[in-house]
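Inspection log for the structure reproduced underneath, given as structure tokens.
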Amino acid sequence: MAKHPLAMALAKVIIAAAWADGELSLDEVNDLKRLLAELGQTGGQFALTADEWAELEIYLHSPVEAAERARLIADLRDLIITPGQQRLVLQAIERLLIADRVLTPVEREVAQEIQHALTQDSQSLLFQIGRAFRLALGIRAGGPNREDLLPEFMRNRIYYALQMRLGRHIDEFGLDRDELHVLTLAGGLLARVAYVDKQVTPAEHDRIVAILKEWWQLDDTQAALVAEVALDESAASLDFFRLTKSFADATTVERRQRFLDALFAVALADGELSGAESAEISRITAAINLPHDSFVAARLRLPRRPGKRL
């Protein structure tokens, strides 16, 4: 359970309001984080722990649709016990409305809807009894809840993003969960090599798709989807340490050694191995617990061009 449940519920609702138009830029994310941090300075009940900040990332990751937003508002409403708490929460929503960032009409409308929902019949005896009953039994409002996948999100964001795209259809990949994690982690590492120069060429994209098809016997659609998700998440700055450690923990030494060939194949997709690509693969080699000799051996296996030194 969260150490600060009211603060967490409020933070989720504020993030949901900011997602009202379906977009959230990096500047908007930073503005929201600053707003939530400032709220934490107003009183202990709104000060979030490092773990709670990490959990909020799941709501910053992708748009919060209307049904999920309604659930979050209902959860927040149930946690507001005193008039003082209600006042603080409404003030926080008001700060979102008057913040420096420019709100779209849709965002402003949603924020005002939230204010209305938090005040509607909140002091009635029937609502108070119903809230006490729900809290005592641990009953939460119905609706989509991405927190069911929070462990997956914290462990492997590419797998999480794929799960969010496919839902139960993820079983159609024909792989068990552990192997799906390996697949998505591998996609993330291949994407890192492709993104070394901050852009991905069609040849690099196609090479990643071909590798995923060959290594995991995926069809064209499956391989292209995993590649797309891995590249999208890589562009959003994956945690390098978590990505490499998870891959190392989930694979054998032999498998990781063979995978270096796949990393080099992506680097060579455009015809040449750049110094930056070679350095990135060397960095990955060390991070997945392979000795430098493995990197050298994989590089020596590359096809040589006449008059060209690798």
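Quick one: would you say residue 25 is among the hydroxyl-bearing types (Ser, Thr, Tyr) and at pLDDT 85 or above?
On the way: among the hydroxyl-bearing types (Ser, Thr, Tyr): yes; at pLDDT 85 or above: no.
Here the answer is no, as residue 25 does not meet what is asked.
Which one of these is of a type in the set (Gly, Ala, Ser) and at pLDDT below 90: 234, 246?
Numbers: 246 fails: at pLDDT below 90.
Among 234, 246, only 234 is of a type in the set (Gly, Ala, Ser) and at pLDDT below 90.
I'd like to check which helices (runs of 4 or more DSSP H) are fully inside segment 236-310 and have at least 3 residues that are among the hydroxyl-bearing types (Ser, Thr, Tyr). Can you show your working first?
Values: elements: 240-250, 253-267, 275-287, 292-300.
By residue number, 275-287.
Would you check if there is a residue in segment 204-227 being part of a loop (DSSP other than H, G, I, E, B), in contact (Cβ under 8 Å) with a residue 60 or more places away in the chain and out of contact with any Pro (no Cβ under 8 Å at 6 or more places or on another chain)? First the steps, then the outcome.
Initially, segment 204-227 is screened for residues part of a loop (DSSP other than H, G, I, E, B), giving 217-219.
Now restrict to residues that are in contact (Cβ under 8 Å) with a residue 60 or more places away in the chain: none.
No - not one qualifying residue is present in segment 204-227.
State all residues of segment 146-171 that are free of Cβ contacts under 8 Å to residues at least 60 places away in the same chain and of a type in the set (Lys, Arg); if no residue qualifies, say none.
Within segment 146-171, just 168 meets the criteria.
Output the number of the condition that residue 103 fails; it satisfies all remaining conditions of (1) outside any helix (DSSP H, G or I); (2) modelled with pLDDT of 85 or more.
(2)
From the residues in segment 220-245 that are surrounded by 21 or more Cβ atoms within 10 Å (Cβ to Cβ) and small (Gly, Ala, Ser), which one is nearest to residue 170 (Cα to Cα)?
223
In segment 132-150, what residues are out of contact with any helix residue (DSSP H, G or I) (no Cβ under 9 Å at 6 or more places or on another chain) and either surrounded by 15 or more Cβ atoms within 10 Å (Cβ to Cβ) or modelled with pLDDT of 85 or more (or both)?
148
Any residue at all in segment 165-173 that's part of a helix (DSSP H, G or I) and on the phi > 0 side of the Ramachandran plot?
Going through segment 165-173, the residues part of a helix (DSSP H, G or I) turn out to be 165-173.
Pick out the ones that are also on the phi > 0 side of the Ramachandran plot and you get 167.
The answer is yes, given that some residue of segment 165-173 is part of a helix (DSSP H, G or I) and on the phi > 0 side of the Ramachandran plot.
Can you name the residue in segment 195-208 that is modelled with pLDDT of 95 or more and either of a type in the set (Phe, Trp, Tyr) or buried (at least 22 other Cβ atoms within 10 Å of the Cβ) (or both) and, of all such residues, is nearest to residue 154 (Cα to Cα)?
Among residues in segment 195-208 that are modelled with pLDDT of 95 or more and either of a type in the set (Phe, Trp, Tyr) or buried (at least 22 other Cβ atoms within 10 Å of the Cβ) (or both), the one nearest to residue 154 (Cα to Cα) is 208.
Specify the residue that is surrounded by the fewest Cβ atoms within 10 Å (Cβ to Cβ); the eligible residues are those in segment 1-33 that are farther than 16 Å from residue 54 by Cβ and small (Gly, Ala, Ser).
Top of the filtered list is 25.
The values are calculated or read from the model by the stated rules, or taken from the named source; none is laboratory data. Computed from a prediction, not measured in an experiment: that's the story for all the values here. For neighbour counting, all protein chains shown are included, and Cβ atoms are generated from backbone atoms with ideal geometry for every residue, glycine included.
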